[in-house]
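S.K.: If you scroll down you'll find the structure; I have some questions about it.
Bear in mind these aren't lab numbers, they're just calculated from the coordinates by the rules spelled out. Because the structure is a prediction, the values reported are computed rather than measured. No Cβ is skipped: glycine too gets one built from the backbone with ideal geometry, and neighbour counts run over all protein chains shown.
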Amino acid sequence: MMGAGNLNTMIATATTWIIPIIFAVTFHEAAHGFVARLFGDDTALRAGRVTFNPLKHIDPVGTVLLPALLLVTSGFMFGYAKPVPVNFGRLRPPRMGMVLVALAGPGTNVLLAIVSTLLLYGVALLPAVGALWVERNLVNSLQINAVLCVFNLLPIPPLDGGRVAVGLLPRALAMPLARLEPYGLMIIMGLFLLGYISARTGLGLNPLGYLIGVPANLLIRFVLAITGVQA
């Protein structure tokens with residue numbers, strides 16, 4: 001039977017991951033809605049999604065249950081929110097509007113990573129009993145926002161990176177890429193499954209580990225460098 005102390009420790013550890021991921025996905029999705037409104041599409045506004053209220057964006061499975069399950073079973077943290085509805089056909093100009101709406105989410109994650117890192121300077125001012133918990137939240141926020149930014153910039157529709165690629169590539173290349181959107185999530189899940197099987201069998205094949213892990217670590221190092229925080 002798990003003791004009360006172990007249970008409290010597990011809950012405290014879980015909150016230092018779940019709270020940052022709620023902030024990360026909420027601000028990410030809200031940013032899409034804000035920028036879409038600026039470029040002429042009020043779909044997200046009418047749906048009540050142009051807000052920083054996490055209850056409007058949280059997906060019970062993707063934002064809470066999945067991250068908690070992954071943390072307990074594998075130590076790996078990943079999650080998602082309900083996508084903000086955007087009518088890309090209403091954006092003006094259409095292609096550049098799509099690019100900027102798509103970049104708004106990952107860009108917001110970079111800003112959150114920087115703010116989280118800067119807030120580490122204030123941890124020493126807090127009472128010792130809560131300082132470690134706050135520090136873990138901020139450190140995890142840096143990591144989560146870096147991973148979320150890089151993951152969403154993968155050039156696979158419907159991820160933000162896929163929409164950026166469709167908006168920037170010549171039409172002859174953009175259209176075939178756009179047609180991948182119905183299969184994008186299956187491609188991503190296939191890559192996740194390949195990495196999981198590889199980790200269990202020792203095959204050494206983990207494409208997402210390289211495509212996400214390496215750039216995310218570089219982004220973390222960049223944020224630490226510009227904020228002057230020691231790793």
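S.K.: Springs between alpha-carbon pairs under 10 angstrom, Gaussian network model over the chain: which of ALA14, ALA81, ALA24 fluctuates most?
M.R.: Largest GNM mean-square fluctuation: ALA14.
S.K.: Quick one: TYR196, TYR210, fewest Cβ neighbours within 10 Å first, how do they rank?
M.R.: TYR210, TYR196
S.K.: How much of the pair distance distribution for region 10-227 lies past 21 Å, counting alpha-carbon pairs only, in percent? Intermediate values should be presented prior to the final figure.
M.R.: Values: 13717 of 23653 pairs.
Every Cα pair in region 10-227 considered, those over 21 Å come to 58 percent.
S.K.: Can you run phi through the Karplus equation (6.51, -1.76, 1.60; θ = phi - 60°) for region 186-194 and list ³J(HN,Hα) in whole Hz, with x for Gly and Pro?
M.R.: With the stated coefficients, region 186-194 comes to 5, 4, 5, 5, x, 5, 4, 5, 4 Hz.
S.K.: First measure r as the distance between the Cβ atoms of VAL61 and LEU203, then evaluate 1/(1 + (r/R0)^6) with R0 = 22 Å and state the FRET efficiency to the nearest 0.05.
M.R.: The formula returns an efficiency of 0.15 here.
S.K.: Nearest 500 deg cm²/dmol is fine: what mean residue ellipticity at 222 nm does the chain get from its DSSP H runs of n ≥ 4 alone, each adding -39,500 (n - 2.57), divided by its residue count? Write down the numbers at each step before the final one.
M.R.: Working: 9 runs with 151 residues, N = 231.
That comes out to -22000 deg cm²/dmol.
S.K.: Choose one of ALA44, GLY122, ILE212: the residue whose Cα lies farthest towards the positive end of the charge dipole of region 10-227 (beta-carbon charges +1 Lys, Arg; -1 Asp, Glu; about the Cα centre).
M.R.: Farthest along the dipole direction, towards plus: ALA44.
S.K.: Over region 10-227, what is the relative contact order in percent, taking alpha-carbon pairs closer than 8 angstrom and at least six residues apart?
M.R.: It rounds to 20 percent for region 10-227.
S.K.: Just to check I understand the Karplus step: with θ = phi - 60° and J = 6.51 cos²θ - 1.76 cosθ + 1.60, what whole-Hz values come out for region 134-142, glycine and proline as x?
M.R.: Karplus values, whole Hz, x for Gly and Pro: 5, 4, 5, 4, 5, 5, 5, 4, 4.
S.K.: For each of TYR121, TYR80, count neighbouring Cβ atoms within 10 Å of the residue's Cβ, then give the residues from fewest to most.
M.R.: With the fewest neighbours first, TYR121, TYR80 line up as TYR121, TYR80.
S.K.: Taking only Cα atoms, what is the 0 to 90° angle, nearest 10, from helix 94-119's long axis to the longest principal axis of the chain?
M.R.: 10 degrees
S.K.: Moving on. So what J values fall out for region 45-61 if you push phi through Karplus, 6.51 cos²θ - 1.76 cosθ + 1.60 with θ = phi - 60°, rounded to Hz, Gly and Pro as x?
M.R.: 4, 5, 8, x, 9, 8, 7, 9, 6, x, 5, 7, 10, 5, 9, x, 7
S.K.: With a cut-off of 14 Å, note down the residues of region 93-126 whose backbone N falls inside the zone around a label point 7 Å from the Cα of LEU38 toward its beta carbon.
M.R.: Inside the label zone: 93, 96-109, 111.
S.K.: Here's a follow-up. Find how much the distance from TYR210 to LEU194 grows on full extension, using 0.36 nm per residue of separation minus their present alpha carbon separation; answer in nm with one decimal.
M.R.: Here the answer is 4.5 nm.
S.K.: Please compute the modelled spin-label separation between PHE222 and LEU126, points set 7 Å along Cα→Cβ, answer in nm with one decimal.
M.R.: For LEU126 paired with PHE222, the spin-label model returns 2.7 nm.
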